[in-house]
1. Can I get the semi-axes of the stretch 500-601's equivalent ellipsoid? Compute them from the C-alpha gyration tensor as square roots of 5 times the eigenvalues, in angstrom, largest first.
2. In debye, nearest 20, what is the charge dipole magnitude of the chain about its Cα centre with +1 on Lys and Arg Cβ and -1 on Asp and Glu Cβ, if you could check?
3. Output the peptides 314-325, 485-496 sorted from most to least packed, where packing is the average of other Cβ atoms within 10 Å over each peptide's residues.
4. Determine the percent antiparallel among the DSSP beta bridges restricted to the stretch 344-473, to the nearest 5.
5. Please list the non-local residues whose amide H lies under 5 Å from the amide H of residue 442, H modeled 1.01 Å from N, same-chain partners needing a gap of 5 or more.
6. From the Cα trace of the stretch 316-436, what convex hull volume per residue do you get, rounded to a whole Å³?
7. Which of the peptides 281-287, 4-10 is most tightly packed, and how do the rest follow, going by the mean number of other Cβ atoms within 10 Å of each residue?
8. Starting from the exponent 0.38 and prefactor 2.2 Å, build the expected Rg for the chain from its residue count and divide its actual Cα Rg by it.
Amino acid sequence: MIPYKSLSHFIQVLEKNNELIRIKTYVDPLLEIAEITDRISKQPGGGKALLFENTGTGFPLLINSMGSEKRICLALGVKNLDDIGDKFSSFLNHFTGYKSNIWQKLKMLPALKEVSSWLPVTRQGRGLCQQVVLPSTDLNKLPVLKCWPKDGGRFITLPLVHTLDPDSGIRNVGMYRMQVFSNDTTGMHWHRHKTGARHFNIYKSQQRLMPVAVALGGDPVYTYSATAPLPDNVDEYLFAGFLRNKRVELVKCLTQDIQVPNDADIVLEGFVDPAEPLAWEGPFGDHTGFYSLAGWYPVFHITCITHRKDAVYPATIVGIPPQEDAWISKATERIFLAPMRIAMANEIIDINLPVEGIAHNLAIVKINKTYPGQAFKVMNALWGAGQMMFNKVMIVTGPETDIFSPLEVLKSVISNVKNPSHINIQLGPSDVLDHASRSFTYGGKLCLDATSKLPEECENGKYNEQTSQKNEIDKFDFDISSIRKLFENNNDIGSFNPFFLEIGLGLLILSIHKNRKFQAKEMTKLFMQSPLFENIHFIIFTDVNVPLDNISFITWLVLANIDPLRDSYINENEEKFCISIDGTKKILDTDDIHFEWPPIIISDNDTIRKVDEKWPLMSLGELINSPSLNINI
């Protein structure tokens, strides 16, 4: 690939590939840009990148630039995301393979030379990112977005936050949202699990000011690298050098002893004072599709703002999927499959992190199974690895399952999850942003062993060798009309989706009127007493007004709303087995929680109206209605 020299360079490539729309009409960074982007990014294939050229500031704004498979590939300089994974795999195999003689060891020298060519280098003097030094540290000069109506303010959403370990001097580049507090201060939202927070705690223990630099833009590879799940103390710019096949050139900041990419578009220099009281930051419409609650975080004080002459301000929005972050997560899935397989579980064939799972909530893993219990062995390996520790629901399948086909995965689950021994529910770390966890950053996890079973994995000797080998799908005839009549006489039930029953699969999705504690569990026990439910093995409960015909939406909502330890009910007697999932919104008075459930992210009517009125002026084609209008829960 040819490394990008700036965001303007990337914009030229996007435009050449018909992946960019320029919007010359003035659009307000407060709510309007986000509403337009939400409409575009939810189009088939992720829509187009958007360049807002009139933001009311001196800077154009680029958004949704990596929001499709084609654009994330353009950003990383490949034709297919698996190309990077293959290169990574080849590289790792080269260095981890056994070398039987001196000649094989000598063959490693060219590879070592290549690795050295990826190491970042520091140049002397001012960099391109320092061509212009603003006379004041005024963040109002930048088109910082307010994304959603209930946000606590304006947020910088694509910052590359540079910090240093004060003991080792090792750099970390992370991506932490930054709420604007004043002209020259922001929040620094690094979570307790993140390297930036660890650095902060070291500076705090040493009673020292913490230098911080925030780069915006430059080669889009930098932005991706800041999000990548690299091991602690692995330099993100070494990884960026690997991706772009060229070392990253760094320059020293003007007011802080820290380095940033020479070709960044904008740089915010400053510090965090660990002795200063924390500030109340948030709420923020987050990638979960819900508002993350406000909390106490450090304050970043800006000492200098520099930029290149042709600087473009980069931004993204997150919310109900799909959004741009889904494609960034997809790149991570493909790139890090090889090291995951080599370092942790070589029986892994493939992995899928569906967009509905917002990176952490759902992982589907295909393995080459050769012994009993192997699915749970893989589960433990992954739940103990880096950011995979935040995974909430994991489905492990055999090699015969197409894990990128939701229906095929469901068929595998229906046919192979037969009793409680095929289900693992336990406690573990959860994402800071997981509002459904039983407590802060600590909650339940669920794993379904959807592999074909070996004799040792079947209870009471119920093992059919022929069926297991062929992985035949269990299908049944359900009396849907009788089930519908039964539901009509039950005041707790709002509606149900019979689709899966109609195709012979024992999965039932229904909405209920929440009015009492343990309602889903109680209703499941009642259903189990009826012969109509003899072959229904999975029941999913949602709230009334949820569009039950939108399976993607239901999948996202249910995954977001559950703590598997609290909200999964396994019901079993001698003849029937069923697991039900309570995917409803939890309520203080009727559920075992100790906090208010956050609202789902939607736009407000005034912003929707303003965008509707501007739409004909923006060269965006036929009016696309706001996705927020489809949500009434």
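1. Equivalent-ellipsoid dimensions as semi-axes: 23, 17, 11 Å.
2. That gives a dipole near 1760 debye.
3. Values: 314-325: 24.6, 485-496: 14.0.
The peptides rank, most packed first, as 314-325, 485-496.
4. 55 percent
5. Close amide H contacts, sequence-distant or interchain: 430.
6. 119 Å³
7. On the way: 281-287: 24.0, 4-10: 21.4.
Top to bottom by mean Cβ count within 10 Å: 281-287, 4-10.
8. 1.01
All of the numbers you see were taken from the coordinates with simple rules; none came from a lab. Because the structure is predicted, anything quoted here is derived from the model rather than measured. Neighbour counts are summed over all protein chains in view; Cβ atoms, including those assigned to glycine, are modelled from backbone coordinates with ideal geometry.
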